[in-house]
């Protein structure tokens, strides 16, 4: 019986602490809309630093046909078809080329 009484009192204390923390959060958020109890540790896109110029070393006549952003990466489709046909993956935070996907026709054996 004493154990049950202790559990009920402990849970009651937790409920009051939770309500107090919730009230504190409401007051802080009303005073400062940007306030957060826990700040995110992961860097956001706003934290990206400028990295200067990035040289892709494209062959003559090749142009960037399309850019598809995906989080911290950008996929650059290079055209026109032929020797220029490739996709370049760029890390937009650090400003470096992660890799190139070349699309060449398969040669017969």
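The values are calculated or read from the model by the stated rules, or taken from the named source; none is laboratory data. All values reported here derive from a predicted model rather than from experimental measurement. In this analysis, Cβ positions are derived from the backbone assuming ideal geometry, glycine residues included, and neighbour counts consider all displayed protein chains.
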Practice task
Could you please let me know if residue 30 is within 30 Å of residue 103 (Cβ to Cβ) and at pLDDT 85 or above?
Solution key: no
Problem - Subset of region 53-98 (residues that are outside any loop (DSSP other than H, G, I, E, B), within 16 Å of the chain's Cα centre (by Cα) and surrounded by 14 or more Cβ atoms within 10 Å (Cβ to Cβ)) - result: 74, 75, 89, 90, 91
